[in-house]
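S.K.: This structure is in structure tokens; I'll ask about it shortly.
The values are calculated or read from the model by the stated rules, or taken from the named source; none is laboratory data. What you see is a predicted model; the values in this text were computed from it and never measured. Don't worry about glycine lacking a Cβ; one is built from the backbone with ideal geometry, like all the others, and counts go over all protein chains shown. Quick note on the areas: whole protein, heavy atoms, side chains included, nothing else; ligands and nucleic acids left out. Shrake-Rupley method; radii C 1.70, N 1.55, O 1.52, S 1.80 Å.
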Number of protein chains: 2
Amino acid sequence: MKYSSQLIEQAVQAFSKLPGVGRKSALRMVLHLVQNDRLAVNDIIDSLTIMNSDLKTCKRCFNFSDHELCEICRNSSRNQQVVCVVESIRDVIAIEETDQFHGTYHVLGGVISPIDGVGPSDLNFEALFNRVKDEGVGELIMGLSPTIEGETTIFYISKKLRESNVKISILARGISFGGELEYADGLTLGRSILTRTSYVHLED
Amino acid sequence: MKYSSQLIEQAVQAFSKLPGVGRKSALRMVLHLVQNDRLAVNDIIDSLTIMNSDLKTCKRCFNFSDHELCEICRNSSRNQQVVCVVESIRDVIAIEETDQFHGTYHVLGGVISPIDGVGPSDLNFEALFNRVKDEGVGELIMGLSPTIEGETTIFYISKKLRESNVKISILARGISFGGELEYADGLTLGRSILTRTSYVHLED
């Protein structure tokens, strides 16, 4: 034990379990809290305590929520007939940050991945299919990563919903904004030529 | 509010006050805790709670301690007559990690820095001078950074202790191990030529 304090050691161990935090960063955080910011210690304790006891999962879309239904599901100004299907809550946050989507979400909790032992029964498909059936969903946007697992999941959903009238769309694929053409992968570049779109001159 | 949960928002705010943690990393930590590791949440809460209430400062060397005196001060196998003077507890930990020092420490809590408004009365000098006088300290090692503030602090200590018999030493200055000569700064390089040492061939 290098810290001359078992209490510091315990706190460092607790913090070093956080993602992206090693023992050195954990020590830096703990020393910062002890030396400069005792109020911040209470903030962390209080926020984690209440989060641990009160945080719920939205029973409709599986987003985090402080209530039975999350803010997005309860918001009547959002289009409840357009549902964006995502892998995780992180993706909900990423899409919300763009301010470009005004429908609702459905968090699957993962994607189908036989290698990782994740099958359809491990994910929130049943609730999704019930939403499509019961809520008159008009469009499902597949907000899933363009990986093999993502594509498999999209295929599974589209197959299961073949009988329904719901429109299934995927995110546009192509060259990223700000990306350098010469470093784009061949598949993306080749597809982006085949699916090229008309140039629209934006008025000043 | 982008998180559809005020509880998540509060936790993200608390974590983003940690050093080196922005809102994105804070969110990653909070989501990790909520989604994967509810036990780790309790570890953090418990360790911070007990640290906040029970962590003391060693009344002799100002290191962190679980008791009145820290582990290092209570360790009779360590040389209590050799005291390494450091700026912060971080430095104690850095030196302890080298396993090369077997004396005790004295944490000043900073260095003299008129620009930052830190004068001698803000630091733990009085206790240091009392230790030298009362405990028969034989050597003070100045474990301070070779900055203007560090040099000023060393000068202040040596002036104050001019009357005493304590030996004052500083850390060796020179080229860092693994450093490239061509990138060493001129001051360090020049001094390292002036203070060159005899080459000792290590036996195999």
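S.K.: Can you tell me which residue within segment A:20-32, out of those that are open to solvent by less than 10 Å² (accessible area, probe 1.4 Å) and more than 7 Å from chain B (Cβ to nearest Cβ), is nearest to the chain's Cα centre (by Cα)?
M.R.: In this case the residue turns out to be A:Ala26.
S.K.: Being within 7 Å of another protein chain (Cβ to nearest Cβ), among the β-branched types (Val, Ile, Thr) and open to solvent by 10 Å² or more (accessible area, probe 1.4 Å) is the filter here, so list the residues in segment A:33-62 that pass it.
M.R.: Of everything in segment A:33-62, those that are within 7 Å of another protein chain (Cβ to nearest Cβ), among the β-branched types (Val, Ile, Thr) and open to solvent by 10 Å² or more (accessible area, probe 1.4 Å) turn out to be A:Val34, A:Ile45, A:Thr49, A:Ile50.
S.K.: Taking the stated definitions as given, is B:Lys17 within 7 Å of chain A (Cβ to nearest Cβ) and among the basic types (Lys, Arg)?
M.R.: Yes, satisfied.
S.K.: Can you tell which of A:Gly150, A:Gly179, A:Gly174, A:Gly136 is in a loop (DSSP other than H, G, I, E, B), touching a residue at least 40 places away in the same chain (Cβ under 8 Å) and open to solvent by less than 50 Å² (accessible area, probe 1.4 Å)?
M.R.: A:Gly136
S.K.: So is A:Glu9 open to solvent by 50 Å² or more (accessible area, probe 1.4 Å) and more than 7 Å from every other protein chain (Cβ to nearest Cβ) or not?
M.R.: So A:Glu9 fails the test.
S.K.: Then there is this: Would you check if there is a residue in segment A:175-191 being within 21 Å of A:Phe62 (Cβ to Cβ) and among the aliphatic types (A, V, I, L, M)?
M.R.: Looking for residues that are within 21 Å of A:Phe62 (Cβ to Cβ) and among the aliphatic types (A, V, I, L, M), one finds none in segment A:175-191, hence no.
S.K.: Mind telling me which of the residues B:Ala26, B:Ala40 ends up being in contact with a Lys or Arg (Cβ under 8 Å, 6 or more places away or on another chain) and of a type in the set (Gly, Ala, Ser)?
M.R.: Exactly one of B:Ala26, B:Ala40 is in contact with a Lys or Arg (Cβ under 8 Å, 6 or more places away or on another chain) and of a type in the set (Gly, Ala, Ser), namely B:Ala40.
S.K.: Next up: Look at segment B:113-160 and say how many of its residues are β-branched (Val, Ile, Thr) and under 13 Å from B:Val85 (Cα atoms).
M.R.: Going through segment B:113-160 one residue at a time, the tally reaches 6.
S.K.: Quick one: what pairs do we get from segment B:184-204, first residue at pLDDT 75 or above, second open to solvent by less than 100 Å² (accessible area, probe 1.4 Å) and of a type in the set (Lys, Arg), C-beta under 8 Å, 6+ apart or different chains?
M.R.: So the pair list comes out as B:Thr188/B:Arg173; B:Arg191/B:Arg173; B:Ser192/B:Arg173; B:Thr195/B:Arg173.
S.K.: Still on this structure: Open to solvent by 30 Å² or more (accessible area, probe 1.4 Å) and touching a residue at least 60 places away in the same chain (Cβ under 8 Å): does that describe A:Glu87?
M.R.: Yes, satisfied.
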